[in-house]
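Let me begin by presenting the structure, written as structure tokens, before commenting on it.
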Amino acid sequence: QHLDFDDDTVEEHNFVDGIWNNINERLTKKRLREERIAQRQQVDEIKRRKEAALKAHNDSQEGEFVGVPTDFADDPELSAAFQDPRFAAAMRDIINDRSHMTKYQSDPEVMHCVNRLLARMGSGGTAPTDTPP
């Protein structure tokens, strides 16, 4: 339906329409801004939860060496070494970058186990003849 306005109120009607359009535009901008902020917060929360879950996962595995081949179970020395947090961290570091093995050459316990492991794997490592310190 079309409302019938008096010719005298056309100016007031246009004035009110202009004000309403401005108000509606501001409200729309505010709503869109709040939606963007909420979406950003949601994305940040998801990232935070993923990072917390990853950290919890890594913390729960600290001291463990994930994916240890089962053929080392018969070697009590290697089995024990894989449970040692220092050796497990060294192995993760070496696996990520083999050149990091030089960092551990001054640690006789780690190198003894690494050499023993390499000998077991047949990777050209020297078989340990000495006992660990």
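The values are calculated or read from the model by the stated rules, or taken from the named source; none is laboratory data. A quick note: this is a predicted structure, and the numbers were derived from the prediction, not measured. Ligands, DNA and RNA are stripped out before the accessible areas are found, and what is left, the full protein with its side chains, is counted by its heavy atoms. Shrake-Rupley method; radii C 1.70, N 1.55, O 1.52, S 1.80 Å.
Looking only at residues in segment 76-109 that are farther than 19 Å from residue 120 by Cα and of a type in the set (Gly, Ala, Ser), which one is modelled with the lowest pLDDT?
89
Of all the residues that make up segment 7-43, how many are open to solvent by less than 90 Å² (accessible area, probe 1.4 Å) and either modelled with pLDDT under 95 or of a type outside the set (S, T, N, Q) (or both)?
Count: 12.
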